[in-house]
Amino acid sequence: MCPDFLKQRLNILKPRFSHRQVDISTDMEAVSEICIPKEVLEKVFDGLLKNAVENTPDGGKIDIQVRGKGEGVELVVHDYGVGITEENQRRLFEGFFTTQETMAYSSKRPGILAMWIHSQRQRCLPR
């Protein structure tokens, strides 16, 4: 996963969130090359960031990290939003599931979305 690629995506997406007062910090270390279609990585990153922004109260923060992990690379988007109830956590991977609970913003319980990305696809992103 190329930190430069993710930084470019972040710069492209930031204007869409300009109406929000959320601090986005990044810690992206140089990592080994991964093989994943660019469009897939873009969709995953955009979705994680959009979710984090939507679920973080104004004045809150979002941490984005990229680091090597084992033979792969780990992308972590950590938001300090309302969190997800245990009941809803069981349903997260049911397709197009939404909790509709984002109006009850509270930064007292941090939530973390981490995605382990390691793929052996045809196209690789350069470092």
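No value in this document is a laboratory result; all are computed from the given coordinates. These figures come from a predicted structure and were not determined experimentally. Backbone-built Cβ (ideal geometry, glycine too); neighbour counts: all protein chains shown.
Would you please give the residues with an amide H less than 5 Å from that of residue 69, counting only those at least 5 places away or on a separate chain, with H modeled from the backbone geometry?
74
Counting only the backbone N, which residues of region 63-81 are under 19 Å from the spot 7 Å out from the Cα of residue 35 toward its beta-carbon?
The answer is 69-74.
Mark the label point 7 Å from the Cα of residue 21 along Cα→Cβ and return the residues of region 54-68 whose backbone N is within less than 11 Å of it.
58-60
Tell me which lysines have Cα within less than 20 Å of residue 14's Cα, excluding those fewer than 8 residues away on the same chain?
Cα-Cα hits under 20 Å: 38, 43, 50, 61.
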